[in-house]
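The values are calculated or read from the model by the stated rules, or taken from the named source; none is laboratory data. Here the structure is a predicted model, which means the values were calculated and not measured. All Cβ positions, glycine included, derive from the backbone under ideal geometry; neighbour counts span all protein chains shown. Protein only, heavy atoms only, side chains kept; ligands, DNA and RNA dropped before computing areas. Shrake-Rupley method; radii C 1.70, N 1.55, O 1.52, S 1.80 Å.
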Amino acid sequence: SGEAYDVMFDMVFPKHGEALLDYETLRVYDEKTITCTIKNRGKYEFEYRIVVDKEMMKTMCKGLKEDAFVISPPHASLSPNDKSTTIKFTFRSRREITISRAPLLRCQVVEPYMGQTIVDMPIYVS
């Protein structure tokens, strides 16, 4: 018999309660970094991965390249009782573009032993 792999984590964004990165107005080639934190509140280790949703980017932001986002660190293992990990999201566009609450990034929580994705949460960008 096996135990269910239940993941509990907090991901805190600047606008509390919303998985939203609001870069406001930037000039072309200017960059802005927004930080958030992630913390394992459960009793099992897990890994997180922040990925660009390529399909959403093609659909909602034609012409925006994947390298407009730099995420640091883009993935890590989080053990129970670890301190919060800070994730930096840097954005820089090479062309004029308007983005309004587009789910361009995803936070995936992965069970480290089987590699199974347990949570796949959109992160919205404006």
If R0 = 22 Å, then Ser84 and Lys54, at their Cβ-Cβ distance, give a FRET efficiency to the nearest 0.05 of 0.15
For the range 1-105 the GluC sites (Glu not before Pro) that pass both the DSSP coil test and the at-most-13 other-Cβ-within-10 Å test are Glu3, Glu18, Glu24, Glu96
Cα-based Debye curve of the range 61-126 sampled at q = 0.11, 0.17 Å⁻¹ gives log₁₀ I(q)/I(0) of -0.35, -0.75
Rounded to a whole %, the carbon-and-sulfur portion of the accessible area of the range 62-115 at a 1.4 Å probe is 47 percent
Computed from every Cα-Cα pair in the chain, P(r) in 10 Å bins starting at 0 and rounded to whole percents is 12, 43, 29, 12, 2, 0
Largest fluctuation, Lys88, Lys39, Lys62 only, Gaussian network model of the chain with Cα springs under 10 angstrom, belongs to Lys62
Here, chymotrypsin sites (Phe, Trp or Tyr not before Pro) of the range 82-126 satisfying both criteria (DSSP loop; at most 12 other Cβ within 10 Å) are Tyr113
In debye to the nearest 20, the charge dipole size for the chain, taken about the Cα centre with +1 at each Lys and Arg Cβ and -1 at each Asp and Glu Cβ, equals 500 debye
PRE zone check, label point 7 Å out along Cα-to-Cβ of Asp22, amide N under 18 Å, scope the range 83-126, hits 89-91, 98-105, 123-126
Mean-square fluctuation maximum in Gaussian network of the chain, Cα pairs under 10 Å, restricted to Arg49, Arg27, Arg41, hits Arg27
Per GNM of the chain with C-alpha springs under 10 angstrom, the most fluctuating residue out of Met114, Met57, Met11 is Met114
Rounded to the nearest Å, the spacing of the alpha-carbon centers of the range 66-126 and the range 21-59 is 4 Å
Of the range 69-89, those with amide N under 20 Å from the point 7 Å along the Cα→Cβ vector of Met114 are 77-80
With the 8 Å Cα cutoff and a minimum separation of six or more residues, the chain has a relative contact order in percent of 31 percent
Farthest towards the positive end of the dipole of the chain, among Phe89, Val109, Met8 and with Cβ unit charges of +1 on Lys and Arg and -1 on Asp and Glu, lies the Cα of Phe89
